[in-house]
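The values are calculated or read from the model by the stated rules, or taken from the named source; none is laboratory data. Because the structure is predicted, anything quoted here is derived from the model rather than measured. All Cβ positions, even for glycine, are placed from backbone atoms using ideal geometry, and neighbour counts span all protein chains on display.
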Amino acid sequence: MSSSGGTKAVVAALAANLGIAVTKFVAYLLTGSSSMLAEGVHSVADSGNQGLLLLGARRANRAASEHHQFGYGRARYIYAFIVSIVLFSLGGCFALYEAWHKFSDPHPIEGRWWWVPLAVLGLGIVMEGFSFRTAIREANHVRGDKSFARYVKESRAPEIPVILLEDLGALIGLVLALFGVSMTLVTHDGRWDAIGSGAIGVLLVVIAVFLAREMASMLLGESADPQHQRAIEAAIPGQGIVSVIHLRTLHLGPDELLVAAKVEVERADDAAHVSQAIDAAEVRIRDAVPLSTQIYLEPDLRRAGPVTAPQPATSDRPID
């Protein structure tokens, strides 16, 4: 992973979720609370997700090969997409199933361990809050003046946005579980516990669908963000290059960018001068954008009028 901030956020979330998962399952075994089981599975899913993000970062660092000549940078998007699937199936769908099961056959939380879910949920809120604070601090280093919502939507690196959404979902889920457990203890009606589990399931499904949509867009291929696009376009002209005829960019990974452009050169320049001009433009592009870039510039002459497609050749020979 190119960013140590992304690694720090993932590791902090992994440590928090592993600790919380154990306590939630202990609370479930002692009380039979549906909300605690849903939250325990949620924490296990989140822990697996953080492991997937770390694995994706490791695989993305492999050198380019003959079969993958642009490298493996998109592995980070693939594993982030798998995260959304895990969150949807193992987290959201299981919580919804558990809610339906518990609502059909509700049981109150009774016995001497009635206080354990409240203690576990309180501890979980503290630990998830620590993880969420770490993710926010790391996001603040890279989001600039963007709002958090805009940063999550526009970021080309998946790790910190995924952790931000997971931690936010986990905190809201803990509050929902606390509500369900508290109402069950007060009313002795287990259906409140089922409602808490169902609300957690809906929350996780919504987050998973949003993540899947964003990661699918990155897998299809997104251009450089507008700021980098403008910087590249401004850096190309100069030293023999008159203007940019058209420019295309594509993220090969969060920190790798493919730049392809057709550029206008001086009409009187020879091949040696054109080659020098292109080399200089590549240097300016790399100076303008703090990403690993693969650059392909095609020299051309700007035509005064519209370009017409060549007509197919015709023959006067009659058709048999």
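Tabulated values for the structure
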quantity	calculated
Residues (farther than 19 Å from ALA27 by Cβ and hydroxyl-bearing (Ser, Thr, Tyr)) located in the range 172-216	THR187
Only one of ARG58, ARG76, ARG137, ARG112 that is outside any helix (DSSP H, G or I) and in the same structural domain as ILE207 (by TED's automatic domain parsing)	ARG112
Check on LEU164, within 30 Å of GLU222 (Cα to Cα) and either assigned to a helix (DSSP H, G or I) or among the hydrophobic types (A, V, I, L, M, F, W, C) (or both)	yes
The one condition in (1) out of contact with any Leu (no Cβ under 9 Å at 6 or more places or on another chain); (2) under 24 Å from VAL186 (Cα atoms) that GLU98 fails to fulfil	(1)
Residue match in the range 28-39 (condition: out of contact with any Asp or Glu (no Cβ under 8 Å at 6 or more places or on another chain), outside any helix (DSSP H, G or I) and surrounded by 18 or more Cβ atoms within 10 Å (Cβ to Cβ))	yes
Residue pairs meeting the criteria (Cβ under 6 Å; at least 6 apart or on separate chains; first among the β-branched types (Val, Ile, Thr), in the range 228-246; second part of a helix (DSSP H, G or I))	ILE232/ILE285; ILE236/ALA281; ILE241/ALA277; ILE241/ALA281; VAL244/GLU233
Options ALA194, ALA170: the member that is in contact (Cβ under 8 Å) with a residue 12 or more places away in the chain, under 24 Å from the mean Cα position of the chain (by Cα) and assigned to a helix (DSSP H, G or I)	ALA170
Residue among HIS141, HIS188 that alone is touching a residue at least 12 places away in the same chain (Cβ under 8 Å), surrounded by fewer than 18 Cβ atoms within 10 Å (Cβ to Cβ) and within 24 Å of the chain's Cα centre (by Cα)	HIS141
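Conditions (1) β-branched (Val, Ile, Thr); (2) at pLDDT 85 or above, marked per residue:
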{"site": "ILE82", "(1), (2)": "yes, yes"}
{"site": "CYS93", "(1), (2)": "no, yes"}
{"site": "TRP100", "(1), (2)": "no, yes"}
{"site": "PHE103", "(1), (2)": "no, yes"}
{"site": "GLU110", "(1), (2)": "no, no"}
{"site": "TRP114", "(1), (2)": "no, no"}
{"site": "LEU123", "(1), (2)": "no, yes"}
{"site": "PHE130", "(1), (2)": "no, yes"}
